[in-house]
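The values are calculated or read from the model by the stated rules, or taken from the named source; none is laboratory data. If you're wondering where the values come from, they're calculated on a predicted model, not measured in any experiment. We place every Cβ from the backbone using ideal geometry, glycine too, and count neighbours over all the protein chains shown. These accessible areas exclude ligands, DNA and RNA; they are computed on the full protein's heavy atoms, side chains included. Shrake-Rupley method; radii C 1.70, N 1.55, O 1.52, S 1.80 Å.
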Amino acid sequence: MKRIGTLTTGGDCSGLNSVIRGAFLRAKALGYSLVGIRRGFRGLALNETKQPDYVELTDAICGESMLIQSGSILLSDTKWMSSEVENGRTVEDVKKSIIDGYRYLGLDGLICVGGDGSLKLLNELTADNDELKVVFVPKTIDNDVNYTDYAVGFQTSVKVAVEAIENIRSTARSHERTMVVEVMGRDAGFIALYAGIASGADVILVPEFKYDLKRVQNKIRENFQNNKNYCIIVVAESVEAGDFKHAEREVNGVVKYTHISYKGIGHYLAEKIKEAGFDCRSVTLGHIQRGGETCISDRLLGTLFGVEAVNLISNGTFGKILAFSENRIRIVNIREVVGSVNKVLQKDDKYVRLARDLGVYVGEI
Ligand code: F6P
């Protein structure tokens, strides 16, 4: 029987299981079996001490409940590559062990559901090796992937953030306070902007646009002058301010393989707001944004990508990343996406303009 493999890699999110289930059902219909590789590339790698770690997916495993369930039934890994290199293996050895694992499993194609780190790795792996036949499904709550309006997981993370901000709003209102809510998103402000607008925030600070702390304080003052005696400020985790700087990505000139952890800007801002004489608290939403019941849009997008990935493999089309824009599936060369910079907010984005038109302070734009 012909055989396709699938794995999830990088930070998890909602919708991953919808991709796996969609791929399973389509593979079955086309006469393929689908092998689920556990723990991302860590599970695919073949080396002297270890064989690939995988499970044959079945109807019993891939039931409808997968549509709802966040996370990945196949588990995910973010640190394997860096820990292997730290343990003295060369990057080339690590890459070879991945190709060896693929060969060992006798795969006719691999569906990799991942973020920008794994996309770069796959691009390197396939650059001088046409044995590895890959279709890539973009997932990330950060939504910073070019060519697609949405990556799998983003829309659920916005839903979760909106629900949390609504809970925070009721206490902000009762206590006539300012609440600063720090959301994830790495170097892009998509979660902050979308969740901020959808929850009626007064201030939305994103890494793309500089802002003036005085104008944030003015906005709070304005709210109180207008008898709206509270204020909601949504801030994206990678925003910097005054003397608040995040850790360096490079240490002694060496770029880190794993990402740095952003945290603390919410707390910092709340302290600055208190210093200006306002009652203020901060909340960091953190990893709750990666869970929650998968929203309908992510179930649909994940299923669509899973099915389409199998269609591509069965047609012999590889080295592609799936995208969805203007209501259509698009198929883009992995190389093209890797060559482009990550997607970030632009001043003329429709939702940036919308926030501004609503009177939300979104920075100096
Ligand atoms: O890239 C997804 C993401 O959730 C970011 O928004 C966040 O900065 C990061 O991952 C957190 O990663 P970790 O799980 O390693 O703390």
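Among the residues of region 277-293, those identified as more than 16 Å from the ligand (Cβ to nearest atom) and open to solvent by less than 40 Å² (accessible area, probe 1.4 Å) are 278, 280.
Residue 362 - would you say it is in contact with a Gly (Cβ under 8 Å, 6 or more places away or on another chain) and either of a type in the set (A, V, I, L, M, F, W, C) or open to solvent by less than 40 Å² (accessible area, probe 1.4 Å) (or both)?
Working: in contact with a Gly (Cβ under 8 Å, 6 or more places away or on another chain): no; either of a type in the set (A, V, I, L, M, F, W, C) or open to solvent by less than 40 Å² (accessible area, probe 1.4 Å) (or both): yes.
Against the criterion (in contact with a Gly (Cβ under 8 Å, 6 or more places away or on another chain) and either of a type in the set (A, V, I, L, M, F, W, C) or open to solvent by less than 40 Å² (accessible area, probe 1.4 Å) (or both)), residue 362 does not qualify.
Would you confirm whether any residue within region 37-58 is in contact with an Asp or Glu (Cβ under 8 Å, 6 or more places away or on another chain) and of a type in the set (Phe, Trp, Tyr)? Yes.
Among residues of region 176-191 that are over 15 Å from residue 345 (Cα atoms) and at pLDDT 95 or above, those with a beta-carbon under 6 Å from a residue that is β-branched (Val, Ile, Thr) and near the ligand (Cβ under 9 Å from one of its atoms) at least six positions away or on a different chain give the pairs 183/191.
Yes/no per residue for (1) within 16 Å of the ligand (Cβ to nearest atom); (2) in contact with a Cys (Cβ under 9 Å, 6 or more places away or on another chain); (3) assigned to a helix (DSSP H, G or I):
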{"position": "147", "(1), (2), (3)": "no, no, no"}
{"position": "158", "(1), (2), (3)": "yes, yes, yes"}
{"position": "174", "(1), (2), (3)": "no, no, yes"}
{"position": "181", "(1), (2), (3)": "yes, no, no"}
{"position": "185", "(1), (2), (3)": "yes, no, no"}
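Give me the residue from region 7-50 that is part of a helix (DSSP H, G or I) and aromatic (Phe, Trp, Tyr) and, out of that set, farthest from the ligand (Cβ to nearest atom). Checking each candidate, the answer is 24. The C-beta contact set for region 61-80 (first residue without any contact (Cβ under 8 Å) to a residue 60 or more places away in the chain, second residue open to solvent by 40 Å² or more (accessible area, probe 1.4 Å), distance under 6 angstrom, 6+ apart or interchain) comprises 80/42. Picking from residues in region 1-48 that are open to solvent by 30 Å² or more (accessible area, probe 1.4 Å) and free of Cβ contacts under 8 Å to residues at least 40 places away in the same chain, the one that is nearest to residue 186 (Cα to Cα) is 42.
When the residues of region 336-349 are narrowed to those that are surrounded by 15 or more Cβ atoms within 10 Å (Cβ to Cβ) and charged (D, E, K, R), which ends up nearest to residue 146 (Cα to Cα)?
Restricting to residues being surrounded by 15 or more Cβ atoms within 10 Å (Cβ to Cβ) and charged (D, E, K, R), the top hit is 343.
If only residues of region 199-238 that are within 16 Å of the ligand (Cβ to nearest atom) and not hydrophobic (A, V, I, L, M, F, W, C) are counted, the one that is nearest to residue 167 (Cα to Cα) is 237.
Select, from 161, 188, the only residue that is open to solvent by less than 20 Å² (accessible area, probe 1.4 Å) and under 17 Å from residue 284 (Cβ atoms). Please lay out each step first, then the result.
Numbers: 188 fails: under 17 Å from residue 284 (Cβ atoms).
Answer to the selection: 161.
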